[in-house]
1. Amide H of residue 233: which non-local residues (sequence gap of 5 or more, or other chain) have their own amide H closer than 5 Å, using H built in the peptide plane?
2. What's the FRET efficiency of residue 203 with residue 226 using the Cβ-Cβ distance as r and R₀ = 35 Å, to the nearest 0.05?
Amino acid sequence: MRVVSPFSAALKVFRPSRADRVQDPLIAKLQVARAWVGLVVTACVLVAYRSLAPKDLVDERLVQMGYSFFAMAGVFPVVIGGFILAARPPNRGLYLRRIRYPLLALATWFGNAFTLQVITDEGSQERLLGLAGQYADVAKGVGVLCLMWLLLFGLAGGFLSITYVLRTADIHELVPPLLSTTVAWGTALAGLVTNAYRGFPPEVAALLLGGAPLSVTAIAAFEVHRLRTRHGVTLRRALLR
């Protein structure tokens, strides 16, 4: 059952697994807490304003929840590429080899999202059922099971990707705080420019715009501080500068 469980599969794909990485229990708890706090705050806002805001405003917030992951995927090559290029040999080559694990996680998540879109498309469903012929009923049952598995895998994978920042600790322990901070401020800036929280009271909009990047930055700063003071991990040593 563990082999076919979507949650076990998500842990296998999206959780860092490099054996020699620094594993600090407090940092791990803060990473999980950061992800849960973000989800809870977003859910509370959606529930509180579902009856006050127009339906399209609530739908917009739901769509924006998915933007965080896509923003992380978009910033990924810039931050990771800059980190690797800034490192001197032999660390540059070492980090370049390690990048395959985050890339696998990223490709898996997008592949899962694409497969879900294909399965839920009515035209694709009709074509698949047509190919199944007399086994159409069996195909429907299998399709429902696959859909549920992919949904659970995608949800678990998205949460774990945000928690472990796309498994980038497999490259180096300092990459997750750098990447998460960049994504948080980039997302906040995009929300400010596009007026993403129009229709919300100013104090709520300010909390949503500033609360996320400030909290993420604070956690990232503490993570970097703890890595330096407790484990001797510094950016200078990571880049051999």
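Nothing in this text is a laboratory measurement; each read-out follows from the coordinates by a stated rule. Small disclaimer: the values here were computed from a predicted structure and weren't measured. No Cβ is skipped: glycine too gets one built from the backbone with ideal geometry, and neighbour counts run over all protein chains shown.
1. 228
2. On the way: r = 33 Å, r/R0 = 0.93.
Computed FRET efficiency for residue 203 and residue 226: 0.60.
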